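For reference, the structure is listed below as structure tokens.
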Amino acid sequence: MLFIGIGFLILYLLYQSQQAAYLEECTLKNIPTADCSLMDRIIGDFKSANWIWIVIVTIIFMISNVFRALRWKQIFATENYHPSTLNAVGVLMVGYFANLGLPRVGEVVKMGLLSKYESIPIEKVAASVVIDRLMDILSLLVVIALSVVLAREVFADFLSANLDLSTLWIMGIVAILGGLFGLFCLYMLNRWYKQGKLNNKWLKLLVEKLNGFVESLLSIRKIKNVPLFIAYTMGIWVCYYLMTYWCFNAFAPVAHLGATAGLVVFLFGTLGMVFPSPGGMGSYHFLVIQALLLYGISSLDANSFAYIIFFSINIFCNVFFGLLFLILLPIYNKSRA
């Protein structure tokens, strides 16, 4: 409820600021205040959207999930586990659906489901998810680098106006020190375990699971077809990029924006999804709007585009396919058994 509340709070504050801007625009155009409803405008923009492009983007979204499932299977194959593709895709979609309720709980849900349906030890599944996320972090760094190179002037203006480097440095130092302390604690636990000094059964179980987890992490070195693994990774992120860029064609005020603008908006939106609100609710809208403002799009048009792409793809796809696989997976796995 806390994180859902954060998401709705951001949405509410955004809506209020956009409503104020809309009222100012109406005043300049001598339009009566009673006829200026931001919600009516958003609904009108939804109706005017080109839904052919929305459908295309939805298909691209599902293709990205198939690529992710196939890459996931490659990770499992290093330890001689071979989950079915349908289970891999299905638990991904159920995980996305769960994320709409509580940030990141989808990671736990998909680990539990795949472990249950495929009889894979939970620490092995957890390690595979960490490897999957590490690849995403590396991919995101590549996207950031490309964006900075291709849109350096836009980024320079944005960073100079919005970034407090002193705060960023403090946060970075705290994160590094916290991580180092955590690693030291784990090292000492493992050392005591090997020396037979660890008597608590729960701590012993934790260390055993962590050792299995680390062993599974290192299994990435045994991936048989590295070029295919890289191809799947590129496929995932190219699909993600196209989901934003091609969605421009669905809404006339942003249809003229080019490929570089698509990359910048995609990057900002991705960072918004990282924020711990359900499915990026609020944070995704805010950062997409900020990115579009850099390219001269009015805040009202940017707001409508953010709603269109968020609700038609993130909400509709994740809710529809999440519920669909939530129903199908037990039936499918019962028939397999």
Looking at G272, is it buried (at least 16 other Cβ atoms within 10 Å of the Cβ), out of contact with any Lys or Arg (no Cβ under 6 Å at 6 or more places or on another chain) and without any contact (Cβ under 8 Å) to a residue 24 or more places away in the chain?
yes
Among the residues of the stretch 286-303, write down those that are touching a Pro at 6+ places or on another chain (Cβ under 8 Å) and either polar (S, T, N, Q) or over 13 Å from Q18 (Cα atoms) (or both).
I297, S298
Residue selected from the stretch 321-337 under the condition assigned to a helix (DSSP H, G or I) and small (G, A, S), by the criterion farthest from the chain's Cα centre (by Cα)
S335
Within the stretch 172-193, the residues that are hydroxyl-bearing (S, T, Y) and touching a helix residue (DSSP H, G or I) at 6+ places or on another chain (Cβ under 9 Å) are Y193
Examine the stretch 132-143 for a residue that is without any contact (Cβ under 8 Å) to a residue 60 or more places away in the chain and either within 15 Å of A88 (Cα to Cα) or in contact with a strand residue (DSSP E or B) (Cβ under 6 Å, 6 or more places away or on another chain) (or both), and state whether such a residue exists.
no
Filtering the stretch 88-139 down to residues that are among the aromatic types (F, W, Y) and within 19 Å of M62 (Cα to Cα), which residue is nearest to the chain's Cα centre (by Cα)?
Y96
Evaluate the following for S312: is it of a type outside the set (D, E), touching an Asp or Glu at 6+ places or on another chain (Cβ under 9 Å) and surrounded by fewer than 22 Cβ atoms within 10 Å (Cβ to Cβ)?
no
Yes or no: N80 surrounded by fewer than 13 Cβ atoms within 10 Å (Cβ to Cβ), closer than 30 Å to N333 by Cα and either out of contact with any His (no Cβ under 8 Å at 6 or more places or on another chain) or in contact (Cβ under 8 Å) with a residue 60 or more places away in the chain (or both)?
yes
The correct count of residues that are surrounded by 16 or more Cβ atoms within 10 Å (Cβ to Cβ) and within 18 Å of A252 (Cβ to Cβ) in the stretch 47-77 is 5
Here the residues within the stretch 51-107 that are at pLDDT below 95 and aromatic (F, W, Y) are W51, W53, F61, W72, F76, Y81, Y96, F97
Given (1) touching a Gly at 6+ places or on another chain (Cβ under 9 Å); (2) loosely packed, with under 13 Cβ neighbours inside 10 Å; (3) not acidic (D, E), index of the condition A98 fails
(2)
For the stretch 300-307, check the following and say yes or no: at least one residue is within 17 Å of N87 (Cβ to Cβ) and modelled with pLDDT of 85 or more.
no
Report, ordered by the first and then the second residue, all pairs with beta carbons closer than 9 Å, sequence separation of six or more or different chains, a first member in the stretch 18-31 that is more than 15 Å from N303 (Cα to Cα) and without any contact (Cβ under 8 Å) to a residue 60 or more places away in the chain, and a second member that is loosely packed, with under 11 Cβ neighbours inside 10 Å and of a type outside the set (S, T, Y).
C26/P32; C26/D35
G262 surrounded by 15 or more Cβ atoms within 10 Å (Cβ to Cβ), of a type in the set (G, A, S), out of contact with any Leu (no Cβ under 8 Å at 6 or more places or on another chain) and at pLDDT 90 or above:
yes
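The values are calculated or read from the model by the stated rules, or taken from the named source; none is laboratory data. As the structure is a computational prediction, the values presented were derived from the model and not from experiment. Cβ: placed from backbone, ideal geometry, glycine included. Neighbour counts: every protein chain shown.
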